[in-house]
Amino acid sequence: MPFPRYPYPAYLVPSFVASLLTGKQRSFHRDAQLCIERIKPPLRVLGEEHIPSAGPSLITFNHYYRPGFHAWWMALAIAARVPVEMHWVMTAELTFPGKWYSSLGRAVSRWLLKRVAQMYHHTTMPPMPPRPRDVEGRARSVREVISFVRQHPHAVLGLAPEGGDQPGGVVHLPAPGAGRFILLLAEQGFPILPVGAFEEAGEFCLCFGPSYQLQLPPGLAAQEKDRYAAQILMSAVAGQLPTRLRGEFG
């Protein structure tokens with residue numbers, strides 16, 4: 001099966017690099033539009049009636065993966081179609097597992113992603129799966145996101161609960177803690193909107209599903225809440241994907 005082409009607009013690169021070095025603020029929504037309009041064939045969008053025109057809303061999507069596909073195209077595609085500036089929870093580090101340059105790559109990515117987050121006013125989160133040394137940093141990131149939504153109660157947020165590449169692009173349960181984190185956002189009054197990102201018949205596709213309130217049965221222990229919330233989240237996302245990518249949620 002042929003895959004779509006994902007060219008970058010060459011004229012965007014100089015201004016992006018300049019902003020990266022100087023810290024000048026940029027619009028992720030506008031940059032995303034400039035990138036997505038160059039995809040060939042064009043992005044295919046399903047469920048357009050569910051795209052939020054304003055917040056509050058928390059958009060959750062799968063971390064689609066195949067060799068040669070870069071995960072940021074999912075965020076770019078969603079940001080391009082949502083008509084307001086979104087706030088993204090993004091990784092703070094790329095890990096390059098099994099690569100000889102992993103140590104250098106992690107260090108460079110930490111600097112680069114921190115600058116990107118500052119440039120677009122997004123929040124970084126330590127990478128998945130969780131590492132013991134990241135406990136304090138993860139807690140700090142959670143506090144930053146909660147503080148942001150309290151100050152911006154009508155924001156539109158975006159995040160991928162799985163937090164990393166999944167074998168074959170098939171949906172998996174996220175690492176422990178992800179369900180509990182999103183439950184905290186839901187308790188701030190943010191409905192959840194599931195999105196499926198995938199490639200099908202040579203096209204890059206987004207499928208927006210209807211939003212819902214994340215509610216759990218009473219009396220659950222903390223770990224049960226975390227897993228129950230994660231099951232609900234990923235079941236909703238899987239429902240927007242082709243059967244071959246739904247995994248255990250099929």
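The values are calculated or read from the model by the stated rules, or taken from the named source; none is laboratory data. None of the values given here were measured: they were computed from a predicted structure. So basically every Cβ, Gly included, is an ideal-geometry build from the backbone, and we count neighbours across all protein chains shown.
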Worksheet item: Filter segment 208-226 for residues that are of a type outside the set (A, V, I, L, M, F, W, C), more than 21 Å from VAL45 (Cβ to Cβ) and exposed (fewer than 15 other Cβ atoms within 10 Å of the Cβ); which is nearest to the chain's Cα centre (by Cα)?
Response: GLN213
Fill in: Of all residues in segment 86-104 being part of a loop (DSSP other than H, G, I, E, B) and either polar (S, T, N, Q) or modelled with pLDDT of 95 or more (or both), the one that is nearest to SER53 (Cα to Cα)
MET86
Worksheet item: Of the residues ALA117, ALA107, ALA77, ALA32, which is of a type in the set (Gly, Ala, Ser), over 21 Å from PHE190 (Cα atoms), at pLDDT below 90 and in a helix (DSSP H, G or I)?
Response: ALA107
Worksheet item: Is it true that PRO52 is surrounded by fewer than 18 Cβ atoms within 10 Å (Cβ to Cβ) and of a type outside the set (Lys, Arg)?
Response: no
Worksheet item: Quick one: would you say GLU162 is more than 16 Å from the chain's Cα centre (by Cα), of a type in the set (Asp, Glu) and either closer than 29 Å to PRO242 by Cα or crowded, with 17+ Cβ neighbours inside 10 Å (or both)?
Response: no
Item to complete: Kindly check whether there is at least one residue in segment 28-41 that is within 18 Å of ILE192 (Cβ to Cβ) and in contact with a strand residue (DSSP E or B) (Cβ under 6 Å, 6 or more places away or on another chain).
Response: no
Discussion item. Of all residues being in contact with a Ser or Thr (Cβ under 9 Å, 6 or more places away or on another chain) and not in a loop (DSSP other than H, G, I, E, B) in segment 120-133, which is surrounded by the fewest Cβ atoms within 10 Å (Cβ to Cβ)? Just the residue, please.
Written reply: THR123
Response to the item:
Within segment 1-31, the count of residues that are among the hydroxyl-bearing types (Ser, Thr, Tyr) and within 18 Å of MET90 (Cα to Cα) comes to 1
